[in-house]
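The values are calculated or read from the model by the stated rules, or taken from the named source; none is laboratory data. Keep in mind that what you see is a predicted model, and the values were worked out from it rather than measured. Cβ placement follows ideal geometry from the backbone for every residue including glycine, while neighbour counts extend to all protein chains displayed.
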Amino acid sequence: MKKVILFLIFERVVLGNDLSVAQIEDMVSKIQKQREGVQLETLQGTKEPFVRLQQQFGSKEKAFIVPEDNQEEVDLHLNAIMNQTAFINNEWVMVGEHISGYELKYIGKKGVVLRKENSVRTLFLASIKKESLFKITERKK
């Protein structure tokens, strides 16, 4: 009796699928398509969506104020990354060193992370243009 019940359950599971091979292949192909992500230039231009709150000094209440952002943005440009050093604003900087009030926290393959108090900035390498300053050609013998 158990064998008959197991056989009926197996038959329903295996033969009960109403998906064809073509439908399954279509679903798999949709999964395999590479999705477009956000461009680095778009990420670099976005503002931080989070607000950091500070407790009011001398207040016994749990009231929080939004700190004013009076500091001007320092113009920083990442020009190169080589041997765990970053060339920022015509100066080579290593992790832990400071530039324009920011501490360099991380150096990646395409960008760096800088921190100054509660603000964090990321700089990315500029995209390489076809009209480069240098042209590499073969030397004629």
Seminar exercise, completed: Selection from segment 35-57 of residues surrounded by fewer than 10 Cβ atoms within 10 Å (Cβ to Cβ), at pLDDT 70 or above and not hydrophobic (A, V, I, L, M, F, W, C) yields Glu36, Gly37, Thr42, Gly45, Thr46, Lys47
Exercise. For Asn83, are the conditions met, namely being surrounded by fewer than 10 Cβ atoms within 10 Å (Cβ to Cβ) and modelled with pLDDT of 70 or more?
Worked result: yes
Exercise. Can you name the residue in segment 20-44 that is of a type in the set (Val, Ile, Thr) and part of a helix (DSSP H, G or I) and is also nearest to the chain's Cα centre (by Cα) among such residues?
Worked result: Thr42
Seminar exercise, completed: Of the candidates His77, His98, the one satisfying the condition of being modelled with pLDDT under 95, farther than 20 Å from Leu40 by Cα and touching a Leu at 6+ places or on another chain (Cβ under 8 Å) is His98
